[in-house]
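Worksheet for the structure shown next.
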Amino acid sequence: MRPRQQPSDALLAVAAGQAGVLTAKQVERAGLTRAAVERLLGNGQWQHLDRALYYSRPDSPPPWLALAWAGVLLGGPFARLGGTAAAHLNGLVLDEPARVTVLVPFGEVHRSRGRWRFCRERPGVRGRSTGFPPRTSVADTVLDLCDAGDASSAVGWVTSSVQDRRTTTVQLREALRQRRRARHRQLLQDLLHDVATGAESPLEIRYLRDVERAHGLPAGRRQHEASTLPFVRDVVYLAFTLVVELDGRAGHEGAARFRDMRRDNRTLLTGSATLRYGFADVVERPCEVARQVASVLQTRGWTGQPARCPRCPRCPTTIV
């Protein structure tokens, strides 16, 4: 009796490079017979993922990465992951998306089904693929996420991706330049300029725009490091020895509160005063924040006057 045919080492190596996923063509080229494939499927060693697509391991259900590879293989030789699938693999989002977005060339037609959503992309819109499985670059992924959301989410995607060093403002600018269409283009162009100046979070962007610039305050230094202090200050007005610290955390008690107090005390010992604001202050009461900052700047030598912005008549005048 002839021994049962087993997958070759070469075929297993191909599967290992694709998170266990194999196409029927890859299996056929490796010389594995239809009977052998049916036996592997029948005894649970392999699983059917889709027509002419196999998962060569008994894990059930297959892991997300296998489904991501499956989508790329179903999409053909020029397919790649996009959207939240690319964002997850590029480290922009933690959770695995429930549905895998697969980008295919514009002229091809693929029916979305099951865990896979196929989208056609025009040539030249995005740059080269990166990684395995192939996916859009971090910069292109960020811009795609910005296209899919509102202005507030766009600010978050850009600032977090640069702050986490997933991409750079230079790479994002170049990716944006390549696109004929981009939602929030003007916002993104302005935002990339602001991030390049050192503003690292959405709250810092709001302070820069709605407090400092909107009210004609002097330009502060962002993410300033002092040789005498072991921490970075959010905004420093060096000529006026004033520090502004911004905290976007919803809850700010316990150890964090005492850490901030110690930072403020050490800053005071260097001769600088500290003003500290939270998210609600900057977002809901930017005009009052500007008036407070301006008042302290004036006591420390600033001879200017804060300007009135369009919001000033409507802005509450009390900061809690």
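The values are calculated or read from the model by the stated rules, or taken from the named source; none is laboratory data. Being a predicted model, the structure only gives us computed values, none of them experimental. Cβ sites come from the backbone with ideal geometry, for glycine too, and all protein chains shown count toward neighbours.
Given (1) part of a helix (DSSP H, G or I); (2) under 26 Å from GLN178 (Cα atoms); (3) out of contact with any Lys or Arg (no Cβ under 8 Å at 6 or more places or on another chain), identify the lone condition not met by ASP140.
Every listed condition holds for ASP140 apart from (3).
So for region 123-136 (the condition being touching a Phe, Trp or Tyr at 6+ places or on another chain (Cβ under 6 Å), closer than 17 Å to GLU200 by Cβ, in contact (Cβ under 8 Å) with a residue 24 or more places away in the chain and not aromatic (Phe, Trp, Tyr)), does at least one residue qualify? Walk me through it before giving the result.
Step one: list which residues in region 123-136 are touching a Phe, Trp or Tyr at 6+ places or on another chain (Cβ under 6 Å), which gives 133.
Filter once more, so that each one left must be closer than 17 Å to GLU200 by Cβ: none.
The answer is no, given that none of the residues of region 123-136 is touching a Phe, Trp or Tyr at 6+ places or on another chain (Cβ under 6 Å), closer than 17 Å to GLU200 by Cβ, in contact (Cβ under 8 Å) with a residue 24 or more places away in the chain and not aromatic (Phe, Trp, Tyr).
For region 36-55, give me the residue count where each residue is touching a Pro at 6+ places or on another chain (Cβ under 7 Å), part of a loop (DSSP other than H, G, I, E, B) and surrounded by 17 or more Cβ atoms within 10 Å (Cβ to Cβ).
Total satisfying the criteria: 0.
Checking THR167 against (1) over 27 Å from ALA66 (Cα atoms); (2) among the β-branched types (Val, Ile, Thr); (3) part of a loop (DSSP other than H, G, I, E, B): exactly one of these is not met. Which one?
With (1) over 27 Å from ALA66 (Cα atoms); (2) among the β-branched types (Val, Ile, Thr); (3) part of a loop (DSSP other than H, G, I, E, B) applied to THR167, the lone miss is (1).
Would you mention how many residues in region 75-99 are in a loop (DSSP other than H, G, I, E, B), buried (at least 17 other Cβ atoms within 10 Å of the Cβ) and not aliphatic (A, V, I, L, M)?
3
Only one residue in ASP164, ASP140, ASP150, ASP190 is outside the structural domain of TYR237 (by TED's automatic domain parsing) and farther than 30 Å from TYR277 by Cα. Which one?
Values: ASP164 fails: farther than 30 Å from TYR277 by Cα; ASP150 fails: farther than 30 Å from TYR277 by Cα; ASP190 fails: farther than 30 Å from TYR277 by Cα.
Matching residue, one of ASP164, ASP140, ASP150, ASP190: ASP140.
Could you please find all residues in region 100-122 being under 17 Å from PRO133 (Cα atoms) and either modelled with pLDDT of 95 or more or in a strand (DSSP E or B) (or both)?
Filtering region 100-122 for residues under 17 Å from PRO133 (Cα atoms) gives 100-105, 115-119.
Residues satisfying the conditions are VAL100, THR101, VAL102, LEU103, VAL104, PRO105, TRP116, ARG117, PHE118, CYS119.
Only one of TRP157, TRP116 is of a type in the set (Phe, Trp, Tyr), farther than 26 Å from ASP50 by Cβ and buried (at least 20 other Cβ atoms within 10 Å of the Cβ); which? Break it down stepwise before answering.
Numbers: TRP116 fails: farther than 26 Å from ASP50 by Cβ.
None of the other options fit; the residue is TRP157.
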